[in-house]
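To start, the structure itself, in structure tokens.
A short reminder: the numbers here are calculations on the coordinates, not readings from a lab. Small disclaimer: the values here were computed from a predicted structure and weren't measured. Positions of Cβ are generated from backbone atoms using ideal geometry, with glycine treated the same way; all protein chains shown enter the neighbour counts.
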Amino acid sequence: MDLEAVRTFVAAADAGQFQEAAADLSITQQAVFKRIAALEKDLGVRLFTRTARGAQLTIDGQAFLPHAQALLQAAERAAASVRRGGRPLRVDVIGRRLAPAKLLRDFHSAHPEVGLDVVTLFDRATAIAALRSGTLDASFRAVAPPTRLDDLAMVRVFDEPLHIVTSPDHPLAAERAVRPDQLAGHRIWMPGNAAGTEWAAYYEELAAAFGLTIETTGPDFGIEPLLDAVAENPFLATFVGEHTPLVWPVDCDLRRIALRDPTPVYPHSLVWLRDNPHPGLAKLRDHLGTHRPADDNWTPRWAG
């Protein structure tokens with residue numbers, strides 16, 4: 001249905017005269033006649049009768065008027081949903097309990113006027129495809145090779161230190177901090193390191209750099225079953241980010257130990273399509289700023 005014809009019909013119904021409707025719409029009276037005639041032909045009914053006082057709605061016109069008004073309101077809502085600044089900023093975080101989600105919550109606290117639509121896509125490839133298709137505005141990722149960023153922009157926004165989690169009976173449990181190379185020979189289990197993901201690429205390079213063995217066997221049932229397994233095995237450990245909140249199961253007693261000399265950090269970057277015009281994206285980028293890596297931290301070579 002031609003929305004301009006519907007808009008003209010509503011204007012004429014409100015004004016009661018075609019001439020006044022033409023003035024309100026800044027078009028000619030002849031244009032009003034043509035639009036309404038086309039709408040009447042489309043609907044197969046007469047909407048107005050001409051009277052000495054102007055134009056009067058027929059019974060069909062009276063029945064159609066509230067629906068015509070609703071059509072125009074729906075059209076305005078549809079346009080507003082994508083009008084510059086009207087649509088929520090759609091941002092991908094790798095997990096709602098991980099550090100990027102906290103960065104986004106901090107942004108929301110500082111800029112509550114920016115609507116947010118938070119999603120969790122699985123991996124880098126899925127997120128980048130969504131950015132390029134226009135279904136996503138930005139993504140927090142560690143961007144490992146062979147990703148091509150020709151049409152994308154990226155800025156490193158946060159380096160998150162790693163911790164090791166063990167049972168209280170683990171040989172390193174009494175340490176306040178350990179060096180990464182001290183973990184060589186210890187069992188480190190991370191069943192969530194799915195092949196081909198950016199976090200798997202990160203931990204593969206970490207293991208190679210410090211002579212570690214990271215086991216990825218077995219199904220990934222989530223963090224709680226993983227902590228149960230670590231708590232029950234005095235020779236098992238797992239990595240977590242410093243800003244990942246962990247709640248021990250009731251019957252677990254675990255140790256969370258920092259890594260030092262050097263400190264391995266996970267490089268979180270913000271990635272977006274270069275020509276994305278959403279004003280909320282500019283505010284998010286300004287809020288996050290640009291992170292400068294510390295000299296005593298370790299990151300993979302591809303992190304820059």
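Worth a mention:
- Packing-based order for 119-131, 92-104, using average beta carbon neighbours within 10 Å, highest first: 92-104, 119-131
- Top of Asp275, Asp150, Asp24 by mean-square fluctuation, Gaussian network on the chain, Cα under 10 Å: Asp24
- With Cα atoms, 0 to 90° folded angle of helix 29-43 axis to the chain main axis: 70 degrees
- Euclidean distance between Cα centres, the range 244-279 to the range 101-131, Å: 15 Å
- Only DSSP H runs of four or more residues enter the estimate; each adds -39500 (n - 2.57), and after division by the residues of the chain the mean residue ellipticity at 222 nm equals -12000 deg cm²/dmol.
- Here the range 219-245 is scanned for amide nitrogen atoms under 19 Å from the site 7 Å beyond the Cα of Glu175 along Cα-to-Cβ, giving 230-231, 233-242.
- Among Leu259, Leu65, Leu227, residue whose mean-square fluctuation peaks in a GNM of the chain (springs only between Cα atoms under 10 Å): Leu65
- Cβ-derived FRET efficiency at R0 25 Å, Gln69 paired with Phe122, nearest 0.05: 0.05
- The chain: C-alpha pair distances exceeding 37 Å, %: 42 percent
- The chain: relative contact order in percent, alpha carbon pairs under 8 Å with at least 6 residues between: 21 percent
- Using a simple spin-label model with pseudo-atoms 7 Å out from Cα toward Cβ, Asp261 and Asp295 lie 1.8 nm apart.
- Each residue, Asp151 and Asp24, gets one label point 7 Å from its Cα in the Cβ direction; the gap between the two is 4.4 nm.
- The residue among His170, Leu136, Val240 whose Cα reaches farthest toward the positive pole of the charge dipole of the chain, with charges on the beta-carbon of Lys, Arg, Asp and Glu, is Leu136.
- P(r) histogram, all alpha-carbon pairs of the range 129-231 included - 5 Å bins from 0, percent: 2, 9, 16, 19, 19, 13, 10, 6, 4, 1, 0
- More than 22 angstrom apart: percent of Cα pairs within the range 3-82: 20 percent
- The label-point distance for Ile59 and Arg274, in a model that sets each label 7 Å from Cα toward Cβ, rounds to 6.5 nm.
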